[in-house]
1. Filter the stretch 206-217 down to residues that are open to solvent by 30 Å² or more (accessible area, probe 1.4 Å) and of a type outside the set (A, V, I, L, M, F, W, C), then give me how many there are.
2. Considering (1) within 30 Å of PRO150 (Cα to Cα); (2) in contact with a strand residue (DSSP E or B) (Cβ under 6 Å, 6 or more places away or on another chain), say which one ASN387 fails and leave the rest.
3. Among the residues of the stretch 128-142, is any more than 25 Å from ASN295 (Cβ to Cβ), within 18 Å of the chain's Cα centre (by Cα) and among the β-branched types (Val, Ile, Thr)?
4. Surrounded by fewer than 19 Cβ atoms within 10 Å (Cβ to Cβ), farther than 25 Å from PHE232 by Cα and touching a Pro at 6+ places or on another chain (Cβ under 9 Å): does that describe ARG5?
5. Out of the residues in the stretch 428-466 that are free of Cβ contacts under 8 Å to residues at least 24 places away in the same chain and β-branched (Val, Ile, Thr), state the one that is most open to solvent (accessible area, probe 1.4 Å).
6. Looking at this structure, is ILE269 open to solvent by less than 30 Å² (accessible area, probe 1.4 Å), over 30 Å from LEU323 (Cβ atoms) and of a type in the set (Val, Ile, Thr)?
7. Report, ordered by the first and then the second residue, all pairs with beta carbons closer than 6 Å, sequence separation of six or more or different chains, a first member in the stretch 391-404 that is under 23 Å from ASP261 (Cβ atoms) and of a type in the set (A, V, I, L, M), and a second member that is assigned to a helix (DSSP H, G or I) and at pLDDT 95 or above.
8. Any idea which residue in the stretch 254-295 is farthest from the chain's Cα centre (by Cα), counting only those that are farther than 17 Å from ILE408 by Cβ and of a type in the set (Ser, Thr, Tyr)?
Amino acid sequence: MTTLRAPFMIRGTLVEPPEDGAVTHRSRDLGADFATPAVDLDALVTPRPELSPLLEVPLAEIIDFLVETGERLALDVNPHLRRCLDLVAETNPLPRRVVENLYRSAPALLTRDSLWAQVESNFADPSVLDGWVSRTDGAGNTGAIRAFPPRMVHMLAGNAPAGCIASIAQGALVKAISLFKMPSSDPFTTVAVLRTMAEIDPDHPVVQSMSAVYWAGGDEAIERTLYRPQYFDKIVAWGGGPAINNVIKYLGPGIQLVSFDPKSSISMIGRDVFASDETVADVAERVAADTCVFNQEACLASRFVFLETVDRAEARRFCAALLPRLGADRLFGSAVAPLPPSDIRDEIEVMGAMGDELEVFGRFDGRGMVVLSDEPVDFHPSNKISNVVMVASLDDAVRHVNVATQTIGVYPYARKVRLRDALAGAGAQRVCRVGTANGHVAGGPHDAMYPLARFVHWMGDDDILTADANAALPTGAGYRPT
């Protein structure tokens, strides 16, 4: 097997793996070997006295640069992304065609409207990113605040090869010093994007504030050195449970975790679906569209369908309509997906043979399966497996929602308003019309937070004139002496 070459990008400089002395790694999903340079820790750390290169760059100028980058990331004109297509096909379980579609759609993340929507939804006054903003409280005390540039390590997700573009944009918008740790399933795309930026202007402060490298997750020799508050303020982690748990052990005073941790999404389908055969077919297609995003690897991909019926014949009718739609070829999903792990296959076969409480529609052929049950199965549906769960009322389904429930697609759409408060109280983070899970209103929250506001280092400059500062504080202001 050929060893792939995965260079680093360090503040605008491309660092290729040496012919002798390169470090060889193996991708988690497909077992492909790739070679990288050795990690130079000194090159990745910006001393605390050295402020972010972006500190005094106007936000509008940063957005101009990101917009130009987006234009140059058009796949047909970008040689780095075209090369990445071949490389990522060797390391990532998503089909090459799906990765290509991701690359073609990703530049939309860098449009002017999208970037400003993020900023304006995260900051009531975006000028706090450009300088100190004065304020006066009810007692007449004055001061100023600034959203100061953070120092961040971004642990990038491996399930969406173009997702790094969003992280790069977020780092630039908050003027951060950013170190991107690439995933083993895609140690290429982030460097391709940063190379494109460097070709626009290698000395631009956006370029000078960013580096992208790879090391094997859990490498204590690297992580115990880097994950220190004298070097970084935040670790922004996208990843599975083991990756998040690995980071947690390094947390302490001065270094925070902003976690986009593992999530699961569901569909809630009311009894109105059975109004006609046409409605069943339409809703089944919409559920399948939500299920098959990245072949069900995305956090927003539906895994459980709570179907409002006590009539098993009706439930079977819906399952029969859903099954063939799971096998459709889609923009961000393939007709045939990788098979689920053998332990899940064994569990489904055993449960299906146990009686009427669980029925299985479809075969282990990569085109999807539907498992009909009275309670959610106790394994994590993946690889285009949809668990349809019968409930007497959608209100009953709320008890299966928790803080790990990200997106909930609802039909009929009017039921969203009736359900959303109870869903939020249970811990859910987003509700939408079924079939639109992979669409987003620009500038909305992600995982129940506004990330940019979490990323920045909020700094206050209180300018209280009285010598007795405590006496100047309004009653109930929330301040506590320390």
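1. Qualifying residue count for the region: 2.
2. (1)
3. no
4. Yes: the conditions hold for ARG5.
5. Among them, the one singled out is VAL441.
6. For ILE269, the condition - open to solvent by less than 30 Å² (accessible area, probe 1.4 Å), over 30 Å from LEU323 (Cβ atoms) and of a type in the set (Val, Ile, Thr) - is not met.
7. Once the first residue is under 23 Å from ASP261 (Cβ atoms) and of a type in the set (A, V, I, L, M) and sits in the stretch 391-404, its partners that are assigned to a helix (DSSP H, G or I) and at pLDDT 95 or above give VAL398/ALA422; VAL398/ALA426; VAL401/LEU423; VAL401/ALA426.
8. SER276
The values are calculated or read from the model by the stated rules, or taken from the named source; none is laboratory data. Everything numeric in this text was worked out from a predicted model, so none of it was measured. Because the Cβ atoms are built from the backbone with ideal geometry, glycine has one as well, and the counts that use them run over all protein chains shown. Each accessible area value is taken on the protein alone, full model and side chains, heavy atoms only, with ligands, DNA and RNA left out. Shrake-Rupley method; radii C 1.70, N 1.55, O 1.52, S 1.80 Å.
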